Amino acid sequence: MTPEQMQRFRNAIKDNKVDFYFIPSGKMKIKLLEKQDDILNKLPASMITSILSCGPGDGFLIESSLVTKYLDGSLDSNNAYFLSLGEIRVGGIIDMVL
């Protein structure tokens, strides 16, 4: 990620009107279906169902605090791994993908 992109994300985090979405990847869905991933296997069944129900480009809201910690590299390893299996997007802004 370029410094400019990083700054745009940081600016978006400061805006209370901005929402962040996690878009799960196909790889994540395969891992969930195979049930061979120790970290993903710990997710609640309702969350697994929600992830598997997401169509291409669909996702769910995540807290800006998770995005901040992810950008800073201070997010715990389980959540960092989870977020690495998809994209973080700023609500409706396609060119802002982490």
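If you scan segment 10-40, which residues turn out to be under 14 Å from L85 (Cα atoms), in a helix (DSSP H, G or I) and not hydrophobic (A, V, I, L, M, F, W, C)?
G26, K27, K29, K31, listed by residue number.
Using beta carbons and a limit of 7 Å, which pairs, at least six apart or on different chains, have the first residue in segment 1-13 and closer than 13 Å to V90 by Cβ and among the hydroxyl-bearing types (S, T, Y) and the second one surrounded by 13 or more Cβ atoms within 10 Å (Cβ to Cβ) and at pLDDT 85 or above?
If the second residue must be surrounded by 13 or more Cβ atoms within 10 Å (Cβ to Cβ) and at pLDDT 85 or above, no pairs are left.
In segment 14-28, what residues are under 14 Å from the mean Cα position of the chain (by Cα) and touching a residue at least 24 places away in the same chain (Cβ under 8 Å)?
Once the filter is applied, which keeps residues that are under 14 Å from the mean Cα position of the chain (by Cα) and touching a residue at least 24 places away in the same chain (Cβ under 8 Å), segment 14-28 yields D19, F20, Y21, F22, I23, P24, S25, K27, M28.
Considering only residues that are assigned to a helix (DSSP H, G or I) and among the polar types (S, T, N, Q), look in segment 66-82 and name the one that is surrounded by the fewest Cβ atoms within 10 Å (Cβ to Cβ).
Among them, the one singled out is S77.
Name the residue that is surrounded by the fewest Cβ atoms within 10 Å (Cβ to Cβ), counting only residues in segment 55-65 that are within 13 Å of E87 (Cα to Cα) and of a type outside the set (G, A, S).
P56
The values are calculated or read from the model by the stated rules, or taken from the named source; none is laboratory data. For clarity, every value in this text was computed on a predicted model and none was experimentally measured. Here Cβ is always computed from backbone atoms with ideal geometry, including for glycine, and neighbour counts include all displayed protein chains.
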